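The structure appears right after this line, and notes come after that.
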Amino acid sequence: MEKSLILFCKYNGLCAGIKLSRSSRIGDFMKILCGKFSELRRHSLQLFYAIHDHHNTMLYNDEDLEVMFAVADSIGLNCIEVTVVDSHGFDSGTSGCGGDVGASTSKGISFSGQGLVVHRLESMGDVGKEDDLGAMFCPHQQRPRLSDAWKELIKSVGQLFVGGSEGFRDALRKYSIVHSFEFDFVKNETERVTAVCKVKSCKWNIHARLDKVCGCFYIKRYYNVHSCGVAGHTTKNCHANSTLISQLIKDDVRDKSKKRPVDVVDDLKEYYGVDVLYHLKGNLRTALAPTNVKYKESLIRVFLKCAYALTVAKFNQHMERELPVLDMVDRIRKKMMKLMCLRRERASKWEQVICPYGESRLENLYDLVKTWKVIPSSADIFEVDTDPSVCVDIGRRTCSCCWWQLNGFPCCHAVCAIKYSGKDLNLYVERYFHVESYRQVYSKPIYPVASLLKGDVVDCGTSILPPVDTPIWPNDYFKSHLGTIPMMK
């Protein structure tokens, strides 16, 4: 029998018992929670559970759910207490507004209009100390990343690094990734390494040397202030190379058969805060090679389950668990939105009349027909003397080989005849292949679909009304100037 747990979920003073099987996913659990507590939304949930001395263990994804089940099995637990937090609200213990301003509700603090105004007026004198009300409308919270452990890899002068120059360079790469800056090597040798910030005006620099006595590298000189500021920060770090990336993800992708390259890129962004391209060379592709095959096999198995489902309920069950339609559609939307933007930016830099692919094709065709002979029959009709010879009518845009008519793009015979006639070759290419048409296709963006809900409306208990002595429709004024205006019924 499949192992199951009873989760007692506490939220806003209420408790709901939920039975969860081991095959369940975190999305299933959140869906049930939102059904129990109607004011919750999936994208704003934060879940924590307590086992023995671990009181605030995070429950964020499917892997965390598996860990919870494994720990419960090892110590023989059947029931676990889960704390549900809604990140859209404010925490009453940290708001700093006091009891006069708000009271605890299902979303944290419900502000009364008068208390909020008084609090804001009192804090106006302390510049920079007032509460940030932006969290009411955009309640994002920073999550811990796996790269947070790299923040202290580079500390101060005299720090030692095991592994020689390679150990120091590895620490420097990770340090630059977690602090979102790039650097250049001024000296990159076996016994000494010097690096400076990639922003030329920045004063950050570091110099390390080999201690020949102990064989370790040590920091000899270090200026740790980035004068370039946040403007010099970037998530596209050139030092996040394939060797470093493969070390971070190769064990994970080999253990999980459903891990796709796009999932690896997303995980690196989420857990390390770095943007990497899929087309990396070396170890990354080697680590991902078996994963692609395993994922395709697992996807085929899922489709087979759906195809041979005996009942509608079984089909829906496989579709919901293995192929979440909403997530798939949303991912396709994001991919298309990004693709539209990239193609629009690319087309804005083109200066020729025909798209680059068409232009390159015309150049290749023209190079092919340089030695061909053309015999004119009229202003528009020509015979191209090849083996076999063909008839081209550039006025009707036809060729006896029929290639021009089928594709809307001049064939090699047509290119030869048009160039012989001295006319503009671009005029005989269908508008489909023109840069202007390409730009029009991608001119309209796909707009983002925000999952963030609107903030709570602050009810001050008053409404703004028009002045009492002024009529809403000054019809007498218009009568004297424009005549009578018919009133709407």
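Among the residues of segment 40-58 satisfying the criterion of being closer than 25 Å to Ala450 by Cβ and open to solvent by less than 60 Å² (accessible area, probe 1.4 Å), which is modelled with the highest pLDDT?
Leu47
Counting only residues that are modelled with pLDDT of 85 or more and under 22 Å from Leu268 (Cβ atoms), which one in segment 129-165 is least open to solvent (accessible area, probe 1.4 Å)?
Restricting to residues being modelled with pLDDT of 85 or more and under 22 Å from Leu268 (Cβ atoms), the top hit is Ile154.
Which numbered condition in (1) outside any loop (DSSP other than H, G, I, E, B); (2) among the basic types (Lys, Arg); (3) open to solvent by 80 Å² or more (accessible area, probe 1.4 Å) is the only one that Arg343 fails?
Looking at each condition in turn, Arg343 falls short on (3).
Report, by residue number, each residue of segment 8-29 that is small (Gly, Ala, Ser) and open to solvent by less than 40 Å² (accessible area, probe 1.4 Å). Break it down into steps so the answer makes sense when it comes.
We begin by selecting, within segment 8-29, every residue small (Gly, Ala, Ser); these are 13, 16-17, 21, 23-24, 27.
Hits for segment 8-29 are Ala16, Ser21, Ser24, Gly27.
Determine which single condition Lys419 fails, assuming it passes every other condition in (1) within 35 Å of the chain's Cα centre (by Cα); (2) farther than 30 Å from Ile300 by Cβ.
Answer for Lys419: the failing condition is (1).
Can you find a residue in segment 85-100 that is open to solvent by less than 20 Å² (accessible area, probe 1.4 Å) and modelled with pLDDT of 50 or more?
Yes, that holds for at least one residue.
Given the conditions (1) open to solvent by 70 Å² or more (accessible area, probe 1.4 Å); (2) touching a His at 6+ places or on another chain (Cβ under 9 Å); (3) not in a helix (DSSP H, G or I), report the number of the one that Ala309 does not fulfil.
Every condition holds for Ala309 apart from (1).
Does Leu116 satisfy being part of a helix (DSSP H, G or I), at pLDDT 90 or above and either of a type in the set (A, V, I, L, M) or open to solvent by 70 Å² or more (accessible area, probe 1.4 Å) (or both)? It would help to see each step written out before you state the result.
Working: part of a helix (DSSP H, G or I): yes; at pLDDT 90 or above: no; either of a type in the set (A, V, I, L, M) or open to solvent by 70 Å² or more (accessible area, probe 1.4 Å) (or both): yes.
Judged against the criteria, Leu116 is not a match.
What number goes with the only condition from (1) modelled with pLDDT under 90; (2) farther than 30 Å from Thr243 by Cα; (3) within 26 Å of the chain's Cα centre (by Cα); (4) open to solvent by 80 Å² or more (accessible area, probe 1.4 Å) that Glu322 does not pass?
If we test Glu322 against (1) modelled with pLDDT under 90; (2) farther than 30 Å from Thr243 by Cα; (3) within 26 Å of the chain's Cα centre (by Cα); (4) open to solvent by 80 Å² or more (accessible area, probe 1.4 Å), just (4) comes out false.
For segment 30-39, check the following and say yes or no: at least one residue is modelled with pLDDT of 85 or more, surrounded by 12 or more Cβ atoms within 10 Å (Cβ to Cβ) and aromatic (Phe, Trp, Tyr).
Checked against the condition, which is being modelled with pLDDT of 85 or more, surrounded by 12 or more Cβ atoms within 10 Å (Cβ to Cβ) and aromatic (Phe, Trp, Tyr), segment 30-39 yields no hits at all.
Go through segment 59-72 and report how many residues are more than 23 Å from the chain's Cα centre (by Cα) and open to solvent by 40 Å² or more (accessible area, probe 1.4 Å).
Going residue by residue through segment 59-72, those that are more than 23 Å from the chain's Cα centre (by Cα) are 65-72.
When the remaining residues are screened for being open to solvent by 40 Å² or more (accessible area, probe 1.4 Å), the result is 66-67, 70-71.
Summing the residues that are more than 23 Å from the chain's Cα centre (by Cα) and open to solvent by 40 Å² or more (accessible area, probe 1.4 Å) in segment 59-72 gives 4.
Across segment 423-476, what is the number of residues that are farther than 30 Å from Glu351 by Cβ, modelled with pLDDT of 60 or more and β-branched (Val, Ile, Thr)? If you could, list the steps in order and put the result at the bottom.
Within segment 423-476, the first condition is being farther than 30 Å from Glu351 by Cβ, and the residues that meet it are 448-476.
In the following step, the residues that additionally are modelled with pLDDT of 60 or more were identified as 448-451, 460-469.
From what is left, the residues that are β-branched (Val, Ile, Thr) are 449, 462, 464, 468.
So the answer is 4.
So which residues in segment 347-371 are assigned to a loop (DSSP other than H, G, I, E, B) and free of Cβ contacts under 8 Å to residues at least 60 places away in the same chain, if there are any at all? Write out each step before concluding.
Looking only at segment 347-371, we keep the residues that are assigned to a loop (DSSP other than H, G, I, E, B), and these are 348-353, 355, 369-371.
Lys349, Glu351, Val369, Lys370, Thr371 - these are the residues of segment 347-371 that are assigned to a loop (DSSP other than H, G, I, E, B) and free of Cβ contacts under 8 Å to residues at least 60 places away in the same chain.
Since Glu182 meets every condition but one in (1) charged (D, E, K, R); (2) touching a residue at least 24 places away in the same chain (Cβ under 8 Å); (3) open to solvent by 40 Å² or more (accessible area, probe 1.4 Å), which condition does it not meet?
(3)
Among the residues in segment 198-216, are any open to solvent by 80 Å² or more (accessible area, probe 1.4 Å), in a helix (DSSP H, G or I) and modelled with pLDDT under 90?
There is no residue in segment 198-216 that is open to solvent by 80 Å² or more (accessible area, probe 1.4 Å), in a helix (DSSP H, G or I) and modelled with pLDDT under 90.
Would you mention how many residues in segment 371-417 are open to solvent by 70 Å² or more (accessible area, probe 1.4 Å), under 24 Å from Tyr432 (Cβ atoms) and hydrophobic (A, V, I, L, M, F, W, C)?
The qualifying residues number 2.
The values are calculated or read from the model by the stated rules, or taken from the named source; none is laboratory data. What you see is a predicted model; the values in this text were computed from it and never measured. Note: ideal-geometry Cβ built from the backbone for every residue, glycine included; neighbour counts use all protein chains shown. Keep in mind that these areas ignore ligands, DNA and RNA; they rest on the heavy atoms of the full protein, side chains included. Shrake-Rupley method; radii C 1.70, N 1.55, O 1.52, S 1.80 Å.
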